[in-house]
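First the structure, in the form of structure tokens, and then the observations on it.
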Amino acid sequence: MRITLWGVRGSIPTPFSHTMVSEKIKKAMSLATQKDISSEESIDRFIDSLPFSVKGTYGGNTTCLEVRSKDGEIIIVDGGTGLKNLGASLMREDFGRGEGVATMLFTHTHWDHIQGIPFFVPFYIKGNRFNIYSPFSDIKERIEYQQVFSHFPVNLDYMFATKEFFVLEKESELNLNDMKIINKRMRHPGGCFGFRFEESGKSFVFTSDCEFNIDEMDYIDTYRDFLTNADVAVFDAQYTFEDSVINKVDWGHSSAAIAIDIAVRFNIKKLILWHHDPDHNDEKLDAVLSNAMTYLSMDKKKRDYDLQIEVAFDGMVIDL
Ligand SMILES: [Zn+2]
Ligand SMILES: [Zn+2]
């Protein structure tokens, strides 16, 4: 399967500012030598060598990802503002001709997981078909409510694609050809569900908006079947360690430290830190990764475990 992360920010879209651009240029120039800028090739090499926070950005769109099965089945998970760019990409395929078919899954309906829907162009094209699933029994009403006239000028019914809603049984399994999708209840204000995708012996787990705390291993062990042996887990790591144990307990999110503990406990091979705090700029997110690597090296069990860790960015592609 191929997974594309279209929106990785939590809570609220986080646009880039002109001062952030200036700071990146200044930082890059301060690191460059005469040799680094002597030719186009050396400039490319120099840019490649820069930290991600200097040469790029983790991105500001809210939750949306795309999972493509090996049969070409398209599964969209959540409709945060990242959905707009996914829509533009899909319009270059069958969806631009009104012949597209996709499955949509919703973890929950906080704003950061639905706000891209009114700007999702394939929804406006007659002939496209979307099968929309969630364990929330009123998922249709929740999505419709976002587009009542006082909030948005176009009602969901005036987006002419066919949209059929299905309620998933909680903690059940959905099969789409060879792709198995398991949903699992997450602890989060108002409720939320994670999804585990399995196909051809590979597994991908998506757990956004979930709170796990370091001192409750009995609770964490109830997720053993859901998490064990995942090849990749995209995991909520919105909070710093201090936030998760002191300032923001019960706010419904986790930290990189607990994500690492869980990954090692359940034999997860690659961990992708996700749902970035809107107050964390690119430098801070670089620091989240280096702190995570330090935490991983702090005791022998974790050190010996070959866990790969990456920080999610808008546009990241994962092939499994
Ligand atoms: Zn969220
Ligand atoms: Zn939420």
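Worth pointing out:
- Span-rule helices in the chain, defined as complete DSSP H runs reaching 15 Å or more along the axis (Cα) with Kyte mean at least 0.0: 282-296
- Solvent-accessible area, 1.4 Å probe, carbon plus sulfur percent, for segment 96-247: 51 percent
- Potential extension, N131-T162 segment - 0.36 nm per residue separation minus Cα distance: 10.3 nm
- Taking all protein chains together, R303, R9 sort by accessible area into R303, R9, largest first [probe 1.4 Å].
- Each other residue within a Cβ distance under 14 Å of G60 adds +1 if Lys or Arg and -1 if Asp or Glu, for a net charge of -2.
- Label-point separation, R68 to E173 (7 Å along Cα→Cβ), nm: 2.7 nm
- Averaging the sequence gap over all C-alpha pairs within less than 8 Å and six or more residues apart, then dividing by the number of residues, gives the chain a relative contact order of 18 percent.
- Sites Q308 and V154 - FRET efficiency at Förster radius 51 Å, r taken between beta-carbons, to 0.05: 0.75
- Ordering of 78-84, 213-219, 22-28, 262-268 by burial proxy (mean other Cβ atoms within 10 Å per residue, highest first): 78-84, 262-268, 22-28, 213-219
- Computed lengthening from R97 to N291, 0.36 nm per intervening residue step minus Cα-Cα distance: 65.1 nm
- In terms of distances greater than 19 angstrom between alpha carbons, the cross-link table entries K269/K301; K140/K163; K84/K163; K55/K302; K126/K163; K84/K270 yield K55/K302; K84/K270.
- Accessible surface ranking for H151, H18, 1.4 angstrom probe, highest first: H18, H151.
- Residue with peak Gaussian network fluctuation, the chain [Cα springs, cutoff 10 Å], from D48, D112, D277: D48
- With both labels modelled 7 Å from their Cα along Cα-to-Cβ, the V21 to Q34 distance reads 3.1 nm.
- Per residue solvent-accessible surface (Å²) - segment 89-212, probe of 1.4 Å: 45 Å²
- With all protein chains kept in place, the per residue accessible area of segment 9-72 amounts to 62 square angstrom at a probe of 1.4 angstrom.
- Using a probe radius of 1.4 angstrom, the carbon and sulfur fraction of the accessible surface of segment 1-52 is 61%.
The values are calculated or read from the model by the stated rules, or taken from the named source; none is laboratory data. As the structure is a prediction and not an experimental result, all values here were calculated from the model. So basically every Cβ, Gly included, is an ideal-geometry build from the backbone, and we count neighbours across all protein chains shown. Each accessible area value is taken on the protein alone, full model and side chains, heavy atoms only, with ligands, DNA and RNA left out. Shrake-Rupley method; radii C 1.70, N 1.55, O 1.52, S 1.80 Å.
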